[in-house]
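Chemist: Below you will find the structure I want to go over with you.
The values are calculated or read from the model by the stated rules, or taken from the named source; none is laboratory data. Source: prediction; values computed, not measured. Quick reminder, even Gly has a Cβ in these numbers, built from the backbone with ideal geometry, and neighbours come from all protein chains shown. For the accessible areas, the whole protein counts, side chains as well, though only heavy atoms, and no ligand, DNA or RNA atoms are used. Shrake-Rupley method; radii C 1.70, N 1.55, O 1.52, S 1.80 Å.
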Amino acid sequence: MTSLSLPAPAKLNLFLHVTGRRADGYHDLQTVFQFLDLSDDITFSLRADGDITLSPEIDGVPAAQNLIVRAARLLQRHTGCELGADIRLVKRLPMGGGLGGGSSDAATALLALDTLWQTGLGSDRLADLGLSLGADVPVFVRGFAAWAEGVGERLQAIDLPEPWYVVLTPEAHVSTAAAFGHPELTRNTTPITMRAFFAGGGRNDFEPVVRRLSPAVDAALEWLAQRGSARMTGTGACVFMACPDRHEAERILAQAPAAGFISRGLNRSPAHVALDRILRPHRI
Ligand SMILES: C[C@](O)(CO)[C@H](O)COP(=O)(O)OP(=O)(O)OC[C@H]1O[C@@H](n2ccc(N)nc2=O)[C@H](O)[C@@H]1O
Ligand SMILES: Nc1ncnc2c1ncn2[C@@H]1O[C@H](COP(=O)(O)OP(=O)(O)OP(=O)(O)O)[C@@H](O)[C@H]1O
């Protein structure tokens, strides 16, 4: 195999609680991750000389800081692999929206290059490696919808309904570090059980803080909440609502005062579905 194309899907945090602050400055969380069928697409072509190239570059993100290139370099360093890759990126996921696009790109790079370079780490070790790039990378490497604890690395598969979501993308950039560092963030939410989540429990602890920081997020949440159960994903800025069907999601989006998209919730990452098809084409 000399080249490989894989999607890098978005995620939603169906709820997000901050349950404590750790000695290393990071925060303990409880969350549920589900994937969306909206993805970036990344193509990896083998190079024999060890170079990593990325095109096109993302405006404002130099290639060396792009999480795709950082993931590739990390895998090279970790395995001693001397191969390289030319990488092409089709970016569709809004950035800084709480949809995890950068983390997902990094995870797809780890999965694709572990295959292309035949470094054979597999998803457990790739998830450990990916955690050093970002707290959201492990769930994308593992590829199953999950109940998550720790900083998001302790993952337990969870079987969720796969509804159509309407997702609004208000014009706001919310820095993840600033949201976690905000003095008014609630950091001591009592942990809940999975049963309580399925009974409708859980919220996003970042909503009050981010609503105050961003009038656009506040307005989007207020508008959506008039139509059902609306929530913010990650540290924002995107907000979402599950709908009974695709038609209803389209109808709500058409009336929305902010830009957005509709997308299906998925319990299995499309990156894994695509990789399985490539590696095991004859399996039913
Ligand atoms: C908000 C979530 O998206 C929920 O899924 C994630 O927890 C954030 O994951 P991420 O974007 O991969 O975040 P990282 O790049 O690891 O962290 C960015 C910054 O946010 C803060 N941070 C992040 C995760 C965490 N559990 N506690 C933190 O305090 C740290 O200051 C860190 O330097
Ligand atoms: N491949 C990449 N795609 C997107 N952003 C990247 C990438 N590589 C590095 N970045 C940087 O990471 C920042 C966060 O991007 P990302 O789209 O992952 O945010 P997010 O959806 O808010 O993530 P999260 O939900 O994990 O907080 C960007 O503003 C950008 O500076």
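Chemist: Calculate the length of the line joining the C-alpha centroid of the range 96-162 to that of the range 184-206, in whole Å.
Modeler: Using only Cα atoms to place each centre, the spacing works out to 23 Å.
Chemist: Provide the per-residue ³J(HN,Hα) series for the range 126-142, in order, calculated from phi with Karplus coefficients 6.51, -1.76, 1.60 and θ = phi - 60°, each as a whole number of Hz, with x at glycine and proline positions.
Modeler: Residue by residue, the range 126-142 yields 5, 5, 4, 5, x, 4, 6, 8, x, 5, 8, 5, x, 5, 6, 5, 6 Hz.
Chemist: Where does each of ASP245, ASP159, ASP124, ASP218 land when they are ordered by accessible area, with a 1.4 Å probe and the largest first?
Modeler: Values: ASP245 70, ASP159 130, ASP124 95, ASP218 50 Å².
Order by accessible area, largest first: ASP159, ASP124, ASP245, ASP218.
Chemist: Determine which residues of the range 58-72 fall in the zone a paramagnetic label at SER5 would reach in this model, i.e. backbone nitrogen under 20 Å from the point 7 Å along Cα→Cβ.
Modeler: 58, 68-69
Chemist: So, with +1 on the Cβ of K and R and -1 on the Cβ of D and E, and no other charges, what is the size of the charge dipole of the range 230-284 about its Cα centre, to the nearest 20 debye? Intermediate values should be presented prior to the final figure.
Modeler: Details: 8 positive and 4 negative charges, 61 e Å.
That gives the range 230-284 a dipole magnitude of about 300 debye.
Chemist: Moving to a separate point now. What list of ³J(HN,Hα) values in whole Hz, one per residue of the range 71-78 in order, does the Karplus curve 6.51 cos²θ - 1.76 cosθ + 1.60 (θ = phi - 60°) give from phi, with Gly and Pro shown as x?
Modeler: With coefficients 6.51, -1.76 and 1.60, one gets 5, 4, 5, 4, 5, 4, 4, 5 Hz.
Chemist: I would also like to ask the following. Based only on Cα atoms, what mean projected area does the convex hull of the chain have, in nm²?
Modeler: Taking a quarter of the hull surface, the average projection is 15.3 nm².
Chemist: What size of dipole, in debye to the nearest 20, comes out for the range 3-158 about its Cα centre when the only charges are +1 on Lys and Arg C-beta atoms and -1 on Asp and Glu C-beta atoms? Working shown, then result.
Modeler: Numbers: 13 positive and 18 negative charges, 42 e Å.
It works out to roughly 200 debye.
Chemist: So which chymotrypsin sites (Phe, Trp or Tyr not before Pro) in the range 1-65 are both in a DSSP loop and have at most 16 other Cβ atoms within 10 Å of their Cβ?
Modeler: Details: sites: PHE15, TYR26, PHE33, PHE35, PHE44; in loops: TYR26.
Hits after loop and neighbour filter: TYR26.
Chemist: Compute the accessible area per residue over the range 3-158, keeping the other protein chains in place, probe 1.4 Å, unit Å². Display every interim value, and only then the final one.
Modeler: Values: 5960 Å² over 156 residues.
Accessible area per residue, the range 3-158: 38 Å².
Chemist: Can you tell me the length gained on complete extension of the stretch ILE192 to ASP24, counting 0.36 nm per residue apart and subtracting the Cα distance? Can you show the working numbers first?
Modeler: Working: separation 168, 0.36 × 168 = 60.48 nm, distance 2.36 nm.
Extra length available between ILE192 and ASP24 comes to 58.1 nm.
Chemist: Name the residue farthest towards the positive end of the dipole of the chain from the options ALA85, VAL139, SER214, assuming +1 on Cβ of Lys and Arg, -1 on Cβ of Asp and Glu, about the Cα centre.
Modeler: Going by the charge dipole, the pick is VAL139.
Chemist: So, one more: Taking GluC sites (Glu not before Pro) that fall in a DSSP loop and have at most 10 other Cβ atoms within 10 Å as cut points, what is the longest piece of the chain between them?
Modeler: On the way: sites that count: GLU82, GLU184.
Here the longest run is 83-183.
Chemist: Turning to a different aspect of this structure: Rounded, prolate or oblate for the range 164-266? Axes are the square roots of the Cα gyration tensor eigenvalues, ordered a ≥ b ≥ c, and the cut-off for rounded is a/c under 1.5.
Modeler: Oblate, because a/c is 1.5 or more while a/b does not exceed b/c.
Chemist: Can you give me the angle between helix 215-225 and the longest principal axis of the chain, using Cα atoms only, in degrees from 0 to 90, rounded to the nearest 10?
Modeler: Value to nearest ten degrees: 70.
Chemist: Just the number please: accessible area per residue for the range 164-266, 1.4 Å probe, all protein chains included, in Å². Each step should come with its number before you reach the end.
Modeler: Working: 5150 Å² over 103 residues.
Result: 50 Å² per residue.
Chemist: Over the heavy atoms of ARG22, what accessible area does a 1.4 Å probe trace out, to the nearest 10 Å²?
Modeler: 80 Å²
Chemist: Same structure, new question: For the chain, what's the relative contact order in percent, using C-alpha pairs closer than 8 Å and at least 6 residues apart?
Modeler: Values: 610 pairs, mean separation 69.9, N = 284.
Result for the chain is 25 percent.
Chemist: On to the next question. Which residues does a label at LYS91 reach in the range 151-184, if reach means a backbone N under 20 Å from a point 7 Å past the Cα toward the Cβ?
Modeler: Counting only backbone N, you get 168-178.
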